[in-house]
Each structure stands twice: as structure tokens, then as C-alpha cells.
Amino acid sequence: MQLTDDKINEIIEKIKKMAKYRDVEIPTETIQSLIKQSSPVSKNLADLEKRIREKIHNITALYLGEIDYKKSVDEFRQVKNNPIDLKEFSLAKLAFHASTKERGHDLEALYQQLFSRIGGCKSIADLACGIHPLGLPYMGLPSGTGYYAYDLNKARVDFLNIFIAEQGYAGGCFHQDILIHPPSIHFDVAFFFKEAHRFEKRQPGVMSEFLDSIKASKIVVSLPLQSLGTSSGLSPKYEKTLYEYTTEHGWSFESFTHGNEVFYIIDRGHL
């Protein structure tokens, strides 16, 4: 179906004003891309809006749980100078989001295994980060490490930007649609945790193109061994995609499992 510019703008404003997405502040270009993608297969305007809402529901993943970000800023500032209290704060907040709650309490063991495999790094990208940067107190990174997180949820970004900066890390958190506007700088390593399947739902077949757009020597992709609330496995399908991607370029590829999550490390050398 064909849409006028006025109608496109009307749909964009309608989505932005929906109560559940008001604080998220979904970028205009994100909604524009969903309209462009969905309009050719939509029967009518109602069908188009339904398709867009479904994709936004999947992209934002608000159904996985949210914390009170404004309240959390004050709570963070009360504990940020006490390492023990800071870890307790982070662990409690990570439990609000189903995707990070799954990792459990053994976060130090997870990050020890992860960083022992990827080695030292001075700059990290956390792509479509969710609340994963709250794990920073468990990572053991040197102060001054560049930690650059990216997310579509503006309220979350504002909180995480404070959380990252006020612990002495360079970088911050950025309100950015990385599928449309990938980060322009180069990183030692990029994390892409539990988001590959959501990107594929948004734009089927996009994974290789998206990974190519990320300027990082190493990329760590993680997937849940099974979807939340279902018995369906995700990792075999996407592991095949990742293996074919790395083989095509002649890069090394290894994996390890932690709980319900499998991590795939792609070493692209000095890319």
C-alpha cells in the first residue's frame, strides 16, 4: 500500500504518543523503517499499524520487565562508592529484566570465563544493551575502560549513561538505532547479547549485514538455549548462521555455555 508523507508522519506520532512507549522515545527513523518494511505486505492501514506495533513490541521487549529508572539514579548514587553495596544494587536491578535475571548470581564466574577467552580490551561496545551494563561491577574492568552501550529505550539510556560515567568509565550509553546507524568508531570487542533473534524478527536475514557494519576486532554474540516461556531452542539455527558467516571470512569461532545462554566469540583479527 502507498502512503503519503502526511500519513507516515501521522502514524509515527500515533506510535510515539502511546502510553507504553512514551518514556521509551522510539527514534523516528526506527518507526519510519518499520513503515517502509511493512507497508508493501499490509492489506490496509489497520493491518499496517498492527504489524508495526507487533515489531515495536518485539524490539523494545518491555514485556521482559523494566525498573524505575529515575528512582534508580538516586539509589545508585547512594551506593556507588561502596563496592559491596554497588554489586548488591546491580544484582537486584538485573533481576527486574527476565533476560538478565536468567544469568543468576554467578556473574563473576561468567565474566571471568568471558574475558579469559577474549583477552584484555580497552574499548567495548554493548549493542542493543538492555540493562546488561548493570553487570559492570562484576566485570573487573580497569577504570577508564571505554564502555559504549547502545539502546532504543531513552529512559534506560539516560540512567545507564549516569551509571557508566559515574564509575569512571569512558564512553557512556547512547540512544541509537544501531541497525540503521551502527556505531562509527572501532572497538576491541563488541557484545551482542540475546538480541540476534529479535533483530531477525525485525528484518529477516539481516544478521551478516549487521555484523559487517560493526567495527570491532572481536564480536561476542549470545543466545538463550531456549526461549523464555517456551521449550523451543534458538541456538542451533543461529549458530549455523554465525558459523557460516565466520567461515566465509576465514575468522576463528569458538563458543562456551553459561546457564541457559551460549556465547559465540568471533575473532576478526585487526579488522
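Details
- Contour minus Cα-Cα distance for Glu239 and Gln113 (0.36 nm per residue): 43.4 nm
- Spin-label model distance (nm) - Asp74 vs Phe253, 7 Å beyond Cα toward Cβ: 5.0 nm
- Cα convex hull of segment 83-192 - mean projected area over all directions, nm²: 6.6 nm²
- Per residue, the average separation of C-alpha pairs within less than 8 Å and at least 6 apart gives the chain a relative contact order of 15 percent.
- Proximal aspartates and glutamates relative to Lys101, as straight alpha-carbon distance under 14 Å, when same-chain residues fewer than 8 apart are discounted: Glu66, Glu88, Glu261
- In segment 95-190, trypsin sites (Lys or Arg not before Pro) in a DSSP loop with at most 13 other beta-carbon atoms within 10 Å: Lys122
- The helix-based estimate of mean residue ellipticity at 222 nm for the chain, built from -39,500 (n - 2.57) per DSSP H run of four or more residues and divided by its residue count, is -13500 deg cm²/dmol to the nearest 500.
- Note on the chain: the alpha carbon radius of gyration divided by the globular reference 2.2 N^0.38 Å gives 1.02.
- Modelled this way, with points 7 Å down the Cα-to-C-beta line, the labels at Leu64 and Ala170 are 2.9 nm from one another.
- Computed over segment 49-90, the percent of Cα pairs more than 11 Å apart is 71.
- Direction-averaged projected area, Cα convex hull, segment 158-202: 4.1 nm², rounded to one decimal.
- Cα gyration tensor category, rounded, prolate or oblate, for segment 57-145 with a/c compared to 1.5: oblate
- q = 0.16, 0.23 Å⁻¹, segment 152-230: log10 I(q)/I(0) [Debye, one scatterer per Cα]: -0.74, -1.29
- Computed over segment 116-176, the quotient of the alpha carbon radius of gyration and 2.2 N^0.38 Å is 1.04.
- Local electrostatic count, Gly146, Cβ distance below 12 Å [Lys/Arg +1, Asp/Glu -1]: -1
- As a ratio to 2.2 N^0.38 Å, the alpha-carbon radius of gyration for segment 1-77 is 1.30.
- Contour excess over end-to-end distance, with Cα ends at Leu45 and Met18 and 0.36 nm allotted per residue: 8.0 nm
No lab work stands behind these numbers, since they all come straight from the coordinates. Keep in mind the model is a prediction, meaning the values are calculated, not measured. Backbone-built Cβ (ideal geometry, glycine too); neighbour counts: all protein chains shown.
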